[in-house]
Amino acid sequence: MAFISDLTRGIYRENPVLKQALGLCPTLAVSSSVSNGIGMGLAATFVLICSNVLISMIRKLVPDKIRIPVYIIVIATFVTIIDLTMAGFVPDLYKRLGIFVPLIVVNCIILGRAEAYASKNSVLKSLLDGISMGIGFTAALVVISSIREVIGNGTFLGVPLFGAEFEPVMFFALAPGAFVTIGFILAFVAWLDRRNAAK
């Protein structure tokens, strides 16, 4: 039961975006299309899993005074791997995500999980935490980007959903639309939690 709890914790109960409001900068910046959201989510998930596992493995070897710089070096190593891999294999997606791929290094979700969880738990638990938080982050990105792409462009994964008479609401494809979208989603999640608590 603890295994399932560890694996599902980040998907909803402790979702980094919807519950903890972490990683909002890349979430708002890249969520204009579903393909961007999936790409950023998978990149961050790779870094989360790898850095959690390695930090958990070396946690007893790292002195407290230098743990944050060491964690950042570990995270930066995996970000460099994913950065070069995306540049080589998915250059179009890499160009669309732009600076936000290398900026995964300073994503507070990843450093936060390294400091708060991986540095205090076993390798298996840290692996499950990385998977869970990565899935939660990716799911939040997909939900936000789906709403924005469908309403703002009339497409889903680039495929037109409506006829020629459909007029997209361009506001949702722009930066202010990202704020409005995530605001409504966060309000809905808060309302859902209050309703469940009342029961």
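The values are calculated or read from the model by the stated rules, or taken from the named source; none is laboratory data. Treat the numbers as computed from the prediction; the structure is a model and nothing was measured. All Cβ positions, glycine included, derive from the backbone under ideal geometry; neighbour counts span all protein chains shown. Note: accessible area is taken over every heavy atom of the protein model, side chains too, but ligands, DNA and RNA are not part of it. Shrake-Rupley method; radii C 1.70, N 1.55, O 1.52, S 1.80 Å.
Against the definition (β-branched (Val, Ile, Thr), buried (at least 17 other Cβ atoms within 10 Å of the Cβ) and in a helix (DSSP H, G or I)), how does Ile151 come out, yes or no?
no
For the range 157-166, does any single residue satisfy the condition of being of a type in the set (D, E, K, R), open to solvent by less than 30 Å² (accessible area, probe 1.4 Å) and either out of contact with any helix residue (DSSP H, G or I) (no Cβ under 7 Å at 6 or more places or on another chain) or on the phi < 0 side of the Ramachandran plot (or both)?
no
Just name the residue that is farthest from Thr45 (Cα to Cα) out of those in the range 95-109 that are without any contact (Cβ under 8 Å) to a residue 12 or more places away in the chain and not aliphatic (A, V, I, L, M).
Result: Lys95.
In this structure, does Thr27 turn out to be polar (S, T, N, Q), at pLDDT below 95, open to solvent by less than 40 Å² (accessible area, probe 1.4 Å) and assigned to a helix (DSSP H, G or I)?
Judged against the criteria, Thr27 is a match.
Take Val53 and decide whether it is among the β-branched types (Val, Ile, Thr), under 20 Å from Asp129 (Cβ atoms) and more than 15 Å from the chain's Cα centre (by Cα).
yes
Could you go through the range 44-64 and let me know if any residue there is closer than 25 Å to Phe188 by Cβ and either modelled with pLDDT of 95 or more or of a type outside the set (D, E, K, R) (or both).
Yes; the residues of the range 44-64 include at least one that is closer than 25 Å to Phe188 by Cβ and either modelled with pLDDT of 95 or more or of a type outside the set (D, E, K, R) (or both).
Looking at the range 173-182 only, could you name the residues that are over 17 Å from the mean Cα position of the chain (by Cα) and open to solvent by less than 40 Å² (accessible area, probe 1.4 Å)?
Ala173, Gly177 - these are the residues of the range 173-182 that are over 17 Å from the mean Cα position of the chain (by Cα) and open to solvent by less than 40 Å² (accessible area, probe 1.4 Å).
So is Ser126 within 21 Å of Leu22 (Cα to Cα) and hydroxyl-bearing (Ser, Thr, Tyr) or not?
Yes: the conditions hold for Ser126.
For residues that are within 20 Å of Trp191 (Cβ to Cβ), surrounded by fewer than 23 Cβ atoms within 10 Å (Cβ to Cβ) and not aromatic (Phe, Trp, Tyr), tally how many sit in the range 4-17.
Looking only at that region, the number is 4.
Tell me whether the range 186-199 contains one or more residues that are touching a helix residue (DSSP H, G or I) at 6+ places or on another chain (Cβ under 7 Å) and of a type outside the set (D, E, K, R).
no
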